[in-house]
1. From the backbone phi of region 302-309, what are the Karplus-calculated ³J(HN,Hα) couplings (6.51 cos²θ - 1.76 cosθ + 1.60, θ = phi - 60°) in whole Hz, Gly and Pro given as x?
2. Rounded to whole Hz and in sequence order, give me ³J(HN,Hα) for region 237-254 from the Karplus expression 6.51 cos²θ - 1.76 cosθ + 1.60, θ = phi - 60°, writing x for Gly and Pro.
3. How much area per residue is accessible in region 169-272 when the probe is 1.4 Å and only protein heavy atoms are counted (Å²)?
4. Keeping all protein chains in the complex and leaving out DNA, RNA and ligands, what accessible area do you get for residue 223 with a 1.4 Å probe, in Å² to the nearest 10?
5. Taking the Cα-to-Cβ direction at residue 84 and at residue 197 and moving 7 Å from each Cα, how far apart do the two end points lie in nm?
6. Amide H neighbours of residue 268 under 5 Å, at least 5 residues apart or on other chains, H built in the peptide plane: list them.
7. Counting only residues 5 or more places away or on other chains, whose amide H sits under 5 Å from the amide H of residue 54 once H atoms are built in the peptide plane?
8. Looking at this model, which pairs from 75/254; 136/260; 65/251; 141/179; 159/254; 138/268 are more than 32 angstrom apart at the alpha-carbon?
Amino acid sequence: MNNILNWGKWLVLLFFCSFSGCNEPAAPIVSILAEFESAKTVGEINNPEIDEASGLIASRNFAGKLWVHNDSGDKNRLFLINANASYQGSIYLNGVTNRDWEDIAISRFPDNENYLFVADIGDNEASYNNEYYIYKFKEPKSQPVANNDQYINDIQTIKFKYSDGSRDAETLLIDHDTKDLYIVTKRENRIRLYRLAAPQATNTTNTAEFVTELPIGGQLNGVPTGATAGDISPDNTEIIIKSYFQIFYWKLQKGENILKALSRKYDKLLPYSPEPQGEGICLDNQNLGYFTIGESGESKNIVNLYYYKRK
């Protein structure tokens, strides 16, 4: 009897489908959120001149290497280190001053060149009269080595102001699809996101338009809890933004772009072992994990490079 009833159910379903097409409502597509292991110390910075590391990004031309730079007061240079924190060499940006370099980004462009973007966007006292700079240049194809510095001459300067007055910021992101640049501020109770739409002009002042607030910010014991660095994965599907205390993670959902993702609440917090003045973060090129780095500062703490491996 049960078999007959089951066959009857299938016949009714078949009859119904012949007219309706059995178009069941599509299940919502939910992106799987990444899981990462706790911090692993992969090495100690062995160049004492890397003492206020503020920006960190994975090289595209040199496998397993990272670019890092200091913030205000240093020379106009980037250091290349390997994934064990060992110093490899330096490049200098001719004609450029490090007023307050705070972050660095990289992306591949249609000319098949990888371009680095160094963001001179720090402004602790909001005293720079709403005048900020991002320096764009091709990533070198020959690796710099210690005691043989390279000098970069072909540098495009993206000068900009904010649409609503001076801001202090330490985070630069690039949308790898559109090449829009995003700047995330640091000191507001709800930090602000600004966009420099591509292509950015290099012969006039651009305006960074306010687009949204992020649910990050405020202060903890007098220390700003806003963004200090960030990165977008090479495949443009994951966003990470860090403060001194936390790392925030977004996974793009079906139909989302970078702006839509950042216009909603982050998906989760990632593992983070806070460092002294921890300001640098980047994903590796294989999207297998992320690195963080801090500053030694006046206390002359040892600067370690940390890695958080994807599970």
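The values are calculated or read from the model by the stated rules, or taken from the named source; none is laboratory data. Quick caveat: nothing in here was measured; it's all calculated off a predicted structure. Note that each Cβ is placed from the backbone with ideal geometry, even for glycine, and that neighbours are counted across all protein chains shown. The protein model used for the area step is the full one, side chains on, heavy atoms only, and it has no ligands, DNA or RNA in it. Shrake-Rupley method; radii C 1.70, N 1.55, O 1.52, S 1.80 Å.
1. For region 302-309, the Karplus-derived couplings read 5, 9, 9, 9, 10, 10, 10, 7 Hz, x marking Gly and Pro.
2. 10, 9, 10, 10, 9, 10, 10, 5, 10, 8, 10, 9, 10, 10, 10, 5, 8, 4
3. 38 Å²
4. Counting only protein heavy atoms, residue 223 exposes about 50 Å² to solvent.
5. 4.9 nm
6. Close amide H contacts, sequence-distant or interchain: 249.
7. It is 69, 70, 71, by chain and number.
8. Numbers: 75/254 43 Å; 136/260 26 Å; 65/251 25 Å; 141/179 21 Å; 159/254 34 Å; 138/268 34 Å.
Long pairs (Cα-Cα over 32 Å): 75/254; 159/254; 138/268.
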